[in-house]
Amino acid sequence: MRNVIKTQVAVPQAQLAKLLADPQNNPKWMVDLASFKPGSGKPGEIGSTYKLAFKSGDRIMEFDAKVTKRDLPNELKVEMKNPTVDLDAVARFTKISDSITEYTSDQTFTFKGLMGKIFGMLGSSSIKEQQKRDMLGFKEFAEKTYKRSQ
């Protein structure tokens, strides 16, 4: 399953990409994030790892995350894995003007096993809604952070 959504953010491209590339910022904008734990490597750099746990109803879904591409200020790719689903999350940043950036969130989910496939079928609309909430959360975080730095 693949979801692609876009929004414009009132933050210059380089600053926006830098904010998203730092996984230590995730707790500041990811709506359903229950925990973030740094792993190996310098956070946000290629090859670095970390763990994320998300609230999903009464359950917690844990993911092992790894930065697999970092081409700032244009693109960032993170692979997230757990026993039922793999997620390739690609963020693209396109300069609209000196102060406006288009942020594209391109997420591809690969559900594993029978339970994962059932979850994917039943949860596709809630997954899309979560992606939208996270994008809006990041937009608000980035714009407030950028304004404070001016």
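The values are calculated or read from the model by the stated rules, or taken from the named source; none is laboratory data. This structure is a prediction, so every number in the text was calculated from the model and none was measured. Just so you know, the surface numbers come from the protein's heavy atoms only, side chains and all, with ligands and any DNA or RNA stripped out. Shrake-Rupley method; radii C 1.70, N 1.55, O 1.52, S 1.80 Å.
A few notes on this one:
- More than 29 angstrom apart: percent of Cα pairs within the chain: 14
- Element breakdown for the chain at a 1.4 angstrom probe: carbon and sulfur atoms account for 53% of the accessible area.
- Note on the chain: helix-only mean residue ellipticity at 222 nm, from DSSP H runs of 4+ residues weighted -39500 (n - 2.57) and normalised by residue number, equals -11000 deg cm²/dmol.
- Estimated at 0.36 nm per residue, the fully extended path between LYS132 and ASN74 surpasses their Cα-Cα distance by 18.8 nm.
- Accessible area expressed per residue, the chain, with surrounding protein chains retained (probe 1.4 Å, Å²): 56
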